[in-house]
Structure formats: C-alpha cells, structure tokens
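Novice: Below are the structure tokens for one structure; questions will follow.
Every read-out reported here was derived from the displayed coordinates using simple, explicitly stated rules and does not represent laboratory data. Keep in mind the model is a prediction, meaning the values are calculated, not measured. So basically every Cβ, Gly included, is an ideal-geometry build from the backbone, and we count neighbours across all protein chains shown.
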Amino acid sequence: MLAIPKEAEEIISQLESYGYEAYLVGGCVRDLLMGLTAKDFDICTSALPEDVIRLFTKTYKTGLKHGTVTVIKNGIPFDVSTFRIDMKYTDHRRPDKVLFTPSLTEDLKRRDFTINAICYHPKKGIIDPFNGIKDITGRLIRTVGNPEERFGEDALRMLRAVRFKASLGFEIEPATKNAVCRMAGTICHISRERILYELNGILSGISPEAFEVLFDTGIINYIFPVPVPLKYTFKPLKSLPGKLSLRWAAAVRLMGFTDTNEVKEICNYLKMSKKLKDYILNVTDILKKPLPENKFVLKKALSDTGIALFSDSLEILRALGSDTNKAKAVKMMINDIYSNNECVSRSALAVKGRDLIEKGFVPGKQLGEIIELLFLCVLQIPELNHKDTLIEIAENIQKAFSA
C-alpha cells in the first residue's frame, strides 16, 4: 500500500460511487514507489470532464480541451483527467485533437516514459502494463513503445528524458537515447520558454552532469544561438550547491564562454529572467578577470560586485579546480576583511553626504567625487573610517580642488 493523501482517496471513491474508474497516475506514483515525496497528485478517470465538474463542488476548467479538470479538496488541487487517445501531432508538441476513451491501457499507452505510465488504486493496487516498475528498479528511462513515435509526437520529451536522468539519477535506455540523437533537430519546434524550463530542471537535479547528454545527442546545437566553444565534463556541477543561478554560471564557464556578449545572447535567446541573466553575466565577468592579489584590489572588487556574487565565483573556481591556491588565498582575505569589519561598501563609510553638507560642502558632482575618494582611502587604510577623520580628509581634498 502506498501512502497517499486521504483527499485523493476521497476523489477516487466519489468517482467510483457513480460508476466511473479512477486511479492515481504518473509522477506521483513513480515517486511514491521510489520512496520520494510526491509534489502533486494526478488522477486519471473514465469520467468525462463535464461529469467531474458535476460531481465536485470546487473545480477549475484547467484544460478541458485535453480532458483535465482541477478538483480542489480541502484546499489541495488535484488534476483529474479523462482517459484519452491522442490523435495526430503536427506541431511536435500537442495533439491536434484528443479522443476520450473508456480504456485505461489506451490512456497509458500515449504517455511518455514507462516510469510515468504506472497507476495506483487504494484497493486494486498497482497497474503497470508497460513494466515501469522494472525500469524503476533498473534505473532506466525508456519510452512507452517506439521512441521515435513518442518524440515525434512531442519533441520536448527528449529534454524531459535528460531532466529525469538529472533529477532521478537514472540512465537513458540505449534505444531511447539513439532516437534522441536521430531526432535532435525537432527540438526547434519547441518554445524557448519550455526549453529553458527543462534546462533549469537538468541543472537543478541531483545529477546535473546529465547536461552532457545534450552534447552526446547533438541537442545542444539546436538550443543555443551561438556555437559552443568546447564540450567539457560537467561532473564539477555536482559538487556545487543546488542553486540554479550558480550552476548556470558554472555550466557557461564549463562550455568555454567568456565573452559576455555571447553569454548575453544565450540568456536573451532562452528568455531568462533579468535576475538570472544579470547573475550569469556578472559571474562570467568576475571569472574572466585575474583574482585580486591584495586586500585593496579585493575590497574594490567586492564593492563593485557584492560579497555573494564574488563568493559564488570562488565556489565555481573550486569546483572546476581552477586557480585553487589563489582562490583559497582570496577566501582567506575575505574572511579576514569581514572578521575585522573592514569597510567594503560606500554605505559603510563613517561619513555621509549629509554630514559633509552640514559642514558647508555644496551638493553636486564635486561632493560625489570627494566621497568616492574618501571611499578609496578607507579601502586602502581601514583605520581612517571615522567620521571626524574623514571630514578632515574631505576638507583637505576640497582645498586641493580649489587650488
């Protein structure tokens, strides 16, 4: 018996009380069989969408065209979908038309991978017509039926195969992988937003080195707008924390991209968020410069980039085994800077613009230049960061400007 939410059991029971079949299906069953926490619970049923809407109090017409109604039970959403047969796919993404069917097996037959074509019923137990449990045990990602047919229907499934490899740590079954190699070019039919979603999933997974499959199969040639300089092992990604932006920046570095214009083109092409794009560009810029060799240059860099970005860049160098000794030395300097509470940002200056204005300084460009010089002084000599001292230095600077 699998531990499923009582709300899921209640939905299944209610559908059955009106003469319909109903089962948990897909990823939730796979995850529960693997001892993982299921993120959401999908239910397939012989009931038509209008029947589901009629039988439950709170529903949303999520995808009526494809037979899906979202049922809300105790505040929890459950996608309830009618058994269906997908007709012809002309856009390599979604069926032109679906036919509802009373057959559970026909519904499972049109799903992507065997590990996602398993059903569970609280009383009947597991229904597994395509040996998905065997593939879970063997840690294999295999299409249901002919892989070229499955990928021809929906090209995104090729990237989903790589994402499941990354998230589950499975291998892609040879015939399935060979079909990806042959059909890699059809990924061009998929929207960039969907491609980015799958790439994010690959890099966020427990086995992000699965990114290499994009090179092995040739998909990489169709999802980036510029040629990739080199193909490197992506195993170093695994030793990095699971933060998506960090792993993206590391992956860009591993692919040999150092030109920020090319990196920007990739980010824009994949329609990344501004936040993710800016992070990747900033880390790329940090990594292409020599590491600071003294505290002043380091503090100037920290003031320009921020401690978080700079520390992440050092983490990437560690993972990649680049400039290891220098990176360690820089990290020790950073620790020393922060343990001594040394100023590394203009906001940490002991004197503010308003303090100088109160002393008779005139607001404007020259005052900004004076504050910048004060900041550079403090970066070099931390002991100067006292209000009275900095006011005195500012007065001397102003005299020099006036001379």
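Novice: List the lysines whose Cα sits under 17 Å from the Cα of Lys61, skipping any in the same chain fewer than 8 residues away.
Specialist: Once the sequence-local lysines are set aside, what remains near Lys61 is Lys73.
Novice: In addition: With just the Cα atoms defining each centre, how far is the stretch 55-78 from the stretch 270-288? Give it in Å.
Specialist: The stretch 55-78 and the stretch 270-288 have Cα centres separated by 39 Å.
Novice: Using R₀ = 22 Å, calculate the FRET efficiency as 1/(1 + (r/R₀)^6) where r is the Cβ-Cβ separation of Tyr197 and Lys39; round to 0.05.
Specialist: The calculated FRET efficiency here is 0.90.
Novice: Would you mind putting 230-236, 159-165 in packing order, based on average other-beta-carbon counts within 10 Å, highest first?
Specialist: Going from most to least packed, we get 159-165, 230-236.
Novice: For Lys235, project a label point 7 Å along Cα to C-beta. Then give me every residue of the stretch 312-337 with its amide nitrogen under 13 Å of that point.
Specialist: 320-321
Novice: Can you tell me the length gained on complete extension of the stretch Leu64 to Asn178, counting 0.36 nm per residue apart and subtracting the Cα distance?
Specialist: Extra length from Leu64 to Asn178 when fully extended: 37.5 nm.
Novice: Same structure, new question: Cα-Cα over 22 Å: which of Lys277/Lys331; Lys235/Lys274; Lys299/Lys359; Lys109/Lys177?
Specialist: Lys277/Lys331; Lys235/Lys274; Lys299/Lys359
Novice: While we're on this one: Tell me what the chain gives for mean residue ellipticity at 222 nm when only DSSP H runs of n ≥ 4 count, each as -39,500 (n - 2.57), the sum divided by the residue total, rounded to 500 deg cm²/dmol.
Specialist: Computed ellipticity for the chain at 222 nm equals -15000 deg cm²/dmol.
Novice: How many angstrom lie between the Cα centre of the stretch 223-244 and the Cα centre of the stretch 121-177?
Specialist: 24
Novice: Now for a different question. Report the gain in length on full extension from Arg54 to Met1: 0.36 nm times residue separation, minus Cα-Cα distance, nm rounded to one decimal.
Specialist: Working it through step by step, the gained length comes to 16.1 nm.
Novice: How high is the relative contact order of the stretch 303-403, in percent, with contacts defined as C-alpha pairs under 8 Å that are six or more residues apart?
Specialist: 25
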